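K.L.:
To start, I am sharing the structure in question, which I have written as structure tokens.
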Amino acid sequence: MKGCEKMSRIKLSNEVFNLGLNQKELAVFAYMSSLPALDNLITIKQSTIAQKCGIKAVQTVSKIISSLEDIGLVVRYSRHIKDNRHNGTYIYRINKLDTNKSFFFFERHVFGLLNARQLTVYLFMCKSYSTVIKRCWNSYNDISKQIHMKRETVIQTVQELCKLKLIVKIKRKSKKNKRINVDNHYQIIFVVHMKIKKRPFPKKRNGRKKIKIYLDIKYDNTRGMKCQQFAIRGSPSD
């Protein structure tokens with residue numbers, strides 16, 4: 001299980017947010033950096049990059065890679081010609097950013113699940129995650145300013161990430177008035193394993209034995225913390 005867990009985690013330098021990349025450039029570079037590489041060389045179709053980064057047009061990917069080349073993050077090599085005279089797959093050299101000074105982890109499986117806008121917010125929240133308090137607490141205004149996205153778009157995107165169960169929003173109440181929300185904190189969710197447990201109730205109801213079913217989902221963050229558990233009540237016949 002630990003081997004699979006490591007393979008699902010990607011390490012990326014915090015500096016990726018200081019390069020002035022737009023949403024699609026960030027998504028493409030993060031995806032290309034996540035691929036297994038030999039001497040930093042990868043072979044990948046642009047159509048695959050488009051699908052994994054939620055980009056509709058393959059031509060857009062080509063333009064993005066050209067922009068990443070101008071910055072010096074990617075080197076694109078000429079494609080070889082196949083025996084049928086069709087162009088082969090591009091080969092790229094990825095100039096990965098140094099992760100010795102600062103870095104963050106994120107889940108590999110988000111590629112293909114999120115579009116570039118969602119990936120940008122998700123990656124920023126992973127970058128902002130505190131391993132001390134086990135959550136991030138950036139406000140909508142702060143996220144909006146840091147990633148150059150409208151506040152309304154940030155709010156919508158955070159809601160989408162919550163529905164996809166990639167993050168959990170924790171509403172914090174005012175100490176003086178518990179009816180007032182002061183701010184939100186977020187936990188980044190990494191699924192470790194899922195297990196179903198059954199336990200019979202001591203008494204029968206309506207002539208049949210009721211079973212209490214636990215859907216025990218253990219989550220993890222970058223420091224191995226178990227975040228939360230869910231319990232579901234019912235019977236096998238329901």
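K.L.:
Could you compute the FRET efficiency for ARG93 and LYS11, with r as their C-beta to C-beta distance and R0 at 22 Å, rounded to 0.05?
P.N.:
Computed FRET efficiency for ARG93 and LYS11 comes out at 0.70.
K.L.:
Using a 1.4 Å probe and counting only protein heavy atoms, arrange ASP83, ASP39, ASP142, ASP98 so the residue with the most accessible area comes first.
P.N.:
Details: ASP83 160, ASP39 115, ASP142 50, ASP98 85 Å².
From most exposed to least exposed: ASP83, ASP39, ASP98, ASP142.
K.L.:
Under the 0.36 nm per residue contour assumption, what length would be gained going from the current alpha-carbon distance of SER47 and ASN18 to full extension? Present the calculation step by step, with values, prior to reporting the outcome.
P.N.:
Working: separation 29, 0.36 × 29 = 10.44 nm, distance 2.74 nm.
In short, 7.7 nm is gained.
K.L.:
While we're here: Give the Rg (one decimal place) followed by the Dmax (whole number) of the stretch 17-149, computed from C-alpha coordinates and expressed in Å.
P.N.:
So, for the stretch 17-149, Rg and Dmax equal 16.1, 58 Å respectively.
K.L.:
Right, next: Share of the stretch 1-160's accessible area from carbon and sulfur, percent, 1.4 Å?
P.N.:
Reported share for carbon and sulfur atoms: 49 percent.
K.L.:
For the stretch 1-74, just run the numbers: alpha carbon Rg, then divide by 2.2 N^0.38 Å, N being how many residues it has.
P.N.:
On the way: Rg = 13.0 Å, N = 74, 2.2 N^0.38 = 11.3 Å.
Relative to the rule-of-thumb radius for its length, the stretch 1-74 sits at 1.15.
K.L.:
Additional query: Sort 12-21, 113-122 for me by packing, meaning the mean count of neighbouring Cβ atoms within 10 Å per residue, highest on top.
P.N.:
Sorting 12-21, 113-122 by mean packing, highest first, produces 113-122, 12-21.
K.L.:
Related question: For the peptides 74-80, 161-167, what is the packing order when you average, over each peptide's residues, the other Cβ atoms within 10 Å and list the highest mean first?
P.N.:
161-167, 74-80
The values are calculated or read from the model by the stated rules, or taken from the named source; none is laboratory data. Everything numeric here is computed off the predicted structure, so don't read it as measured data. Glycine also receives a Cβ, built like all others from the backbone with ideal geometry; neighbour counts cover every protein chain displayed. Note: areas computed on protein heavy atoms with side chains; ligands, DNA, RNA excluded. Shrake-Rupley method; radii C 1.70, N 1.55, O 1.52, S 1.80 Å.
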